[in-house]
Each structure stands twice: as structure tokens, then as C-alpha cells.
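The values are calculated or read from the model by the stated rules, or taken from the named source; none is laboratory data. Predicted, not measured: the structure shown is a model, and the values here were computed from it. Here the Cβ positions follow ideal geometry from the backbone for every residue, glycine too, while neighbour counts run over all protein chains shown.
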Amino acid sequence: MSDAATMDGLPGGTKGVVTDFSADRQAFHVPWGKAMMWIFLLSDTFIFSCFLVGYMHVRMAATDPWPFPSEVFALSFGGDPIPLILIAIMTFILITSSGTMALAVNMGYRKNKKATFWLMVATAILGASFVGMQAFEWTKLIVDEGVRPWGNPFGAAQFGSSFFMITGFHGMHVSAGVIYLLVVANRVRNGFYEQRGDNYEIVEIAGLYWHFVDLVWVFIFAFFYLW
């Protein structure tokens with residue numbers, strides 16, 4: 001043990017142990033930006049988990065009949081209503097955006113500035129399309145169907161409050177993500193990161209956030225729309 005300590009330039013015995021543990025050393029070589037994003041996503045996971053668990057409790061405890069999502073979220077294109085068609089399109093768009101974001105991260109590490117920029121813009125456009133469809137969905141339910149946070153004509157009053165709280169909170173995350181992606185994409189385009197050590201790690205950090213938002217939607221889709 002003393003030989004190993006000597007090789008590291010540390011004194012032997014207990015003094016060497018104290019010196020080693022009190023030194024400013026990094027145990028895990030993870031950049032601060034990425035570590036902070038993971039911590040943020042972990043805290044956000046707890047919030048969304050509380051929302052979904054609360055939704056399940058409210059639904060099971062409701063005394064009035066719970067509305068059928070396949071009927072509430074059906075759309076008609078000149079014929080019979082198609083169950084969950086808009087939700088299916090929204091889900092497809094968001095999952096596709098995960099693919100474009102993954103490609104953007106790949107191109108970023110290859111230092112392909114042009115491809116990274118356009119892939120991030122494409123991801124932002126898909127995200128904005130999702131938010132636009134969600135706004136249409138809200139408008140239809142509020143204006144045409146009369147759904148409110150305190151009641152609705154379909155059944156249990158808790159349905160409206162659960163729907164607006166969960167999808168609204170997720171929609172805020174997607175909207176913030178769209179702005180975040182556009183800011184990073186613009187900095188990629190104007191060479192901001194090339195001037196700061198030619199490091200495109202921020203693209204991967206933005207990708208972590210976007211993949212998290214997509215993953216959360218999968219759970220919302222499964223628990224709220226399919227259950």
C-alpha cells in the first residue's frame with residue numbers, strides 16, 4: 001500500500017489516506033452541464049410520477065362513470081368518428097422528433113455544423129407541430145365539448161382537471177424544449193460553440209431533455225388515453 005501511495009506522490013499510512021480523501025479529485029468524469037441536466041430530469045420524473053399516480057388514484061376513486069378516452073378524443077373527417085386519431089398523429093410526430101434529435105447529436109459529435117443545425121430545426125418544427133395539435137385538442141374540448149377543470153358532460157368531473165393538468169404541464173415542457181432547441185441550433189449555425197473549444201456537447205444535453213419529454217408522453221399516452 002505504501003508503494004502505491006508513494007507512486008501517487010502521497011505520504012504513507014493514515015496521513016496519506018487523509019491527504020488523498022481531502023484532495024480535490026473527480027470520481028466520475030461527467031461534465032457539469034450533463035450532470036445538472038440529469039439532476040433536473042430526475043426531479044421532473046418525480047413530478048410527472050406524482051401526477052400520473054394521482055390521476056390513477058382519482059380515476060379509481062371516482063364515483064361517477066369515467067369518460068371513455070376513445071370517444072372523447074375521436075375526430076370525424078366527413079364520416080364516422082375515428083378514435084384517438086389526433087392523439088396517434090401527435091404521438092407519431094413526437095417519436096419522429098426523437099429520431100431527428102438523435103441524428104442531430106450524432107452530427108454534432110461529427111462536427112457537421114450544417115446537418116446538426118437543420119436536424120435540430122426539424123426537431124423544433126415537429127415539437128411545435130405537436131404543441132399546435134395539442135392547442136387544437138384543448139380548443140375542441142373546451143369550446144365544442146364543454147369540458148372544464150371542474151366538470152364535463154361526459155361523466156366524472158375529475159376528468160377535466162386531470163386532463164388539463166397533465167397534458168398542460170407536458171405541453172409547457174415541449175414548448176420550452178422547442179425554444180431551447182432553436183436557441184442551441186442558432187448558436188450552432190453562427191459558430192458559437194466553435195469559438196468555445198469546438199465542443200458540441202450542449203447538443204447532447206439538449207437531446208437528453210428532448211428524449212425525456214418524448215418518454216414522458218409515452219407514459220401519458222398509455223395511462224391517460226389507452227386506459
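Condition first: over 12 Å from Leu182 (Cβ atoms) and in a helix (DSSP H, G or I). Now tell me which residues in the range 104-124 satisfy that. Spell out how you get there, then give the answer.
So in the range 104-124, the residues over 12 Å from Leu182 (Cβ atoms) come out as 104-116, 118-119.
Answer for the range 104-124, where residues must be over 12 Å from Leu182 (Cβ atoms) and in a helix (DSSP H, G or I): Ala104, Val105, Asn106, Met107, Gly108, Tyr109, Lys113, Lys114, Ala115, Thr116, Trp118, Leu119.
Scan the range 191-209 and report the pairs whose first residue is in contact (Cβ under 8 Å) with a residue 60 or more places away in the chain and whose second residue is in a loop (DSSP other than H, G, I, E, B), with Cβ atoms within less than 8 Å and a gap of 6+ or a chain change.
Taking only residues 6 or more apart or on different chains, the pairs are Asp198/Lys111; Tyr200/Lys111; Tyr200/Tyr193; Glu201/Pro31; Ile202/Tyr193.
Going through the range 80-97 one residue at a time, which ones are under 11 Å from Trp217 (Cβ atoms) and of a type in the set (Ser, Thr, Tyr)?
Thr91, Ser97
For the condition closer than 20 Å to Ile85 by Cα, over 11 Å from the mean Cα position of the chain (by Cα) and in the same structural domain as Ala135 (by TED's automatic domain parsing), what is the one hit in Ile205, Ile220, Ile179?
Working: Ile205 fails: closer than 20 Å to Ile85 by Cα; Ile179 fails: closer than 20 Å to Ile85 by Cα.
Of the residues listed, the single one that is closer than 20 Å to Ile85 by Cα, over 11 Å from the mean Cα position of the chain (by Cα) and in the same structural domain as Ala135 (by TED's automatic domain parsing) is Ile220.
Taking only the range 69-99 into account, find how many residues are touching a residue at least 12 places away in the same chain (Cβ under 8 Å), in a loop (DSSP other than H, G, I, E, B) and either touching a Gly at 6+ places or on another chain (Cβ under 9 Å) or among the hydrophobic types (A, V, I, L, M, F, W, C) (or both).
Looking only at that region, the number is 2.
Pick from Ala74, Ala61, Ala35: which is of a type outside the set (D, E, K, R), assigned by TED's automatic domain parsing to the domain that holds His211 and surrounded by 14 or more Cβ atoms within 10 Å (Cβ to Cβ)? Don't jump to the end; show me each part of the working.
Working: Ala61 fails: surrounded by 14 or more Cβ atoms within 10 Å (Cβ to Cβ); Ala35 fails: surrounded by 14 or more Cβ atoms within 10 Å (Cβ to Cβ).
The conditions single out Ala74.
Exactly one of these conditions fails for Gly155: (1) surrounded by 15 or more Cβ atoms within 10 Å (Cβ to Cβ); (2) modelled with pLDDT of 90 or more. Give me its number.
The one condition Gly155 does not meet is (2).
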